[in-house]
Amino acid sequence: MDTKTHPAAKTDEDWKRELSPEQYRILRQCGTEPAGSSPLNYEKRKGEYVCAGCGMPLYDSSAKYESGSGWPSFFKPKDSAVEIRSDKSHGMVRDEVLCASCGGHLGHVFPDGPRPTGLRYCMNGGALKFMPDEK
Ligand SMILES: [Zn+2]
């Protein structure tokens, strides 16, 4: 991971202790969960998607859509919630999406999303937690 300071950054030991092995693999080691594996693919309720690492609100349910990719997809993050970094791993150039608060790896963003942004934030469900609206 990068060395930029994030407000909710923690030591690697703390992350290992606090996160599940799968969350740690995704958030801290830029892992990717298998397509179709996250229950959040089927989440349709209203609410907020927050970072599984630090609890930062990242996406509103109104920005979620069914992309058919097998990963939870959003066309827009909340303001200042994520950072984009160029990722040249696996022989591809992709835009990596990080939590702006803890620097955790969330997924990638692709320019094939729906209106109004035209972007597809392709997220690992294991990097997110869903908080349904209390109503
Ligand atoms: Zn975070």
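The values are calculated or read from the model by the stated rules, or taken from the named source; none is laboratory data. As the structure is a prediction and not an experimental result, all values here were calculated from the model. Please note: Cβ atoms are built from the backbone with ideal geometry, for glycine as well, and neighbour counts cover all protein chains shown. In case anyone asks, the SASA skips ligands and DNA or RNA and just uses the protein heavy atoms, side chains included. Shrake-Rupley method; radii C 1.70, N 1.55, O 1.52, S 1.80 Å.
Whenever a residue of segment 56-74 is within 16 Å of Ala35 (Cα to Cα) and open to solvent by 50 Å² or more (accessible area, probe 1.4 Å), its partners that are within 16 Å of the ligand (Cβ to nearest atom) and part of a helix (DSSP H, G or I), lying with C-beta atoms within less than 8 angstrom and at least six residues away or across chains, give the pairs Trp71/Gly125.
Conditions (1) closer than 11 Å to Asn124 by Cβ; (2) among the aromatic types (Phe, Trp, Tyr); (3) within 14 Å of the chain's Cα centre (by Cα), marked per residue:
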{"site": "Phe75", "(1), (2), (3)": "no, yes, yes"}
{"site": "Lys78", "(1), (2), (3)": "no, no, yes"}
{"site": "Ser89", "(1), (2), (3)": "no, no, no"}
{"site": "Arg94", "(1), (2), (3)": "no, no, no"}
{"site": "Gly103", "(1), (2), (3)": "no, no, yes"}
{"site": "Gly107", "(1), (2), (3)": "yes, no, yes"}
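Residues that are open to solvent by less than 20 Å² (accessible area, probe 1.4 Å) and free of Cβ contacts under 8 Å to residues at least 40 places away in the same chain occur in segment 2-19; there is at least one. Arg45 meets each of the listed conditions (1) in contact (Cβ under 8 Å) with a residue 24 or more places away in the chain; (2) open to solvent by less than 40 Å² (accessible area, probe 1.4 Å); (3) not small (Gly, Ala, Ser) apart from (2).
Among the residues examined, Lys78 does not qualify as more than 14 Å from Ala8 (Cβ to Cβ), basic (Lys, Arg), open to solvent by less than 50 Å² (accessible area, probe 1.4 Å) and touching a Phe, Trp or Tyr at 6+ places or on another chain (Cβ under 7 Å). Considering only segment 100-116, I want to know if a residue exists there that is away from the ligand (no atom under 12 Å from the Cβ) and touching a Ser or Thr at 6+ places or on another chain (Cβ under 7 Å). Within segment 100-116 (the criterion being away from the ligand (no atom under 12 Å from the Cβ) and touching a Ser or Thr at 6+ places or on another chain (Cβ under 7 Å)), the answer is no, since none of the residues qualifies. Taken over segment 92-135, residues that are of a type outside the set (D, E, K, R) and in a strand (DSSP E or B) amount to 16.
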